[in-house]
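Accompanying notes for the structure given below.
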Amino acid sequence: LGLDVGPFHGEERAAHLDPLSVSAQINLGGSMNLLGRFDEAEARFRRAIDLDPKSPLALDAIALLNAYARNRFANAVLLQDRAVALDNDSPQLAGDRALLWLDLDDAARATGLGASVARKWPDDVTANVYAAGIAGAVGHNAIAEAHASKALAAYPRTPSLVVAVLRNADLRSGDAQAARGRYAAGYPELLSADPQVNLANLALAVDLALV
């Protein structure tokens, strides 16, 4: 079992073919971040900002890297404030902000922001993913499961955050088979005779190994 970094090489090619593309720089930086290549990731995010100083997604990407790779949470908060000020109609930016406050041990603020995301974008997959993760983290299991189920119904290949909420519900009820089935629905390649792991399903593969 090995890690397929094909998607990463595709993003490298995209950034090479279109070096002035902000999204290509952000996508490549995101993959580098997943691979633990934090300096290179930050360079790509900063290149994206050089290309577009008002790119909220680039600012958000640097904010998250500062928080989780550099442990610079104060700087991350300032960067996210700038990102949200540029785009206050993005469930991704609002959700990232809520998660950041959760990791700063401000559960009340995080829960309020998470609920706000769910109210503002009730049918958005991304909004339901964040709402599920935040509610689950603070022990509001029924709310978390409702948002997770909604996200999963709309998009079976939801992030690991959603699958984990529903998996945990299955495990609490003692149904390990159902928990594994959560992965089979959206990520059947992980349960094949020859599991295929790549950057897109890496977090799910790690979780599945623990079920």
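So the values come out like this:
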item	result
Förster radius 30 Å - calculated FRET efficiency between D103 and L20 (Cβ-Cβ, nearest 0.05)	0.35
Among N128, N27, N71: highest mean-square fluctuation, GNM of the chain, C-alpha pairs under 10 Å	N71
Protection-proxy order for peptides 89-96, 32-39, 187-194, each taking the mean of Cβ atoms within 10 Å per residue, highest first	89-96, 32-39, 187-194
Separation in nanometres of the label points that stand 7 Å from Cα toward Cβ, at S173 and D52	4.3
Accessible area expressed per residue, the chain, with surrounding protein chains retained (probe 1.4 Å, Å²)	51
Per-peptide average of other Cβ atoms within 10 Å, ordering 62-68, 116-122 highest first	62-68, 116-122
Of all accessible heavy-atom area on region 41-144, the percent that carbon and sulfur account for (1.4 Å)	51
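The values are calculated or read from the model by the stated rules, or taken from the named source; none is laboratory data. Predicted model only: the values in this text are computed from it and were never measured. We place every Cβ from the backbone using ideal geometry, glycine too, and count neighbours over all the protein chains shown. To get the accessible areas, we keep the full protein, side chains included, count just its heavy atoms, and leave off ligands, DNA and RNA. Shrake-Rupley method; radii C 1.70, N 1.55, O 1.52, S 1.80 Å.
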